[in-house]
């Protein structure tokens, strides 16, 4: 299956970076290389609720390793690490865990189905 990733005015660099990280991780696992763990990346975007802020949308991504929930990297465009950061961070971690779970189920199903 081939999926084309294109940018339009609604996509951002951070969203594209999240997609790239997840695609690379899937490609490594799918290639047949023995991997110690599988990483996944969670993405969060929310409109800023601060009245004085002119930043607009707040975006955050967290790349996590699967074995012990280790954080491999965090990228965000926030200037203040406040409740908005905490909410976004927690959502990214949850998204990354859900994606990892779905990918693990897919790859395990493909292994069982091929035997």
Of the listed residues (55, 59), the one being in contact with a helix residue (DSSP H, G or I) (Cβ under 9 Å, 6 or more places away or on another chain) and modelled with pLDDT under 85 is 59
Being at pLDDT below 85 and within 18 Å of residue 13 (Cα to Cα) narrows 110, 47 down to just 47
In segment 68-115, anything surrounded by 13 or more Cβ atoms within 10 Å (Cβ to Cβ) and assigned to a loop (DSSP other than H, G, I, E, B) is listed as 77, 78
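Could you say which residue among 34, 3 is over 17 Å from the mean Cα position of the chain (by Cα), in a loop (DSSP other than H, G, I, E, B), loosely packed, with under 11 Cβ neighbours inside 10 Å and at pLDDT 80 or above? Step through it out loud before you land on a result.
Details: 3 fails: at pLDDT 80 or above.
Criteria check complete, one pass: 34.
The values are calculated or read from the model by the stated rules, or taken from the named source; none is laboratory data. All values reported here derive from a predicted model rather than from experimental measurement. Virtual Cβ from ideal backbone geometry, glycine too; neighbours counted across all protein chains shown.
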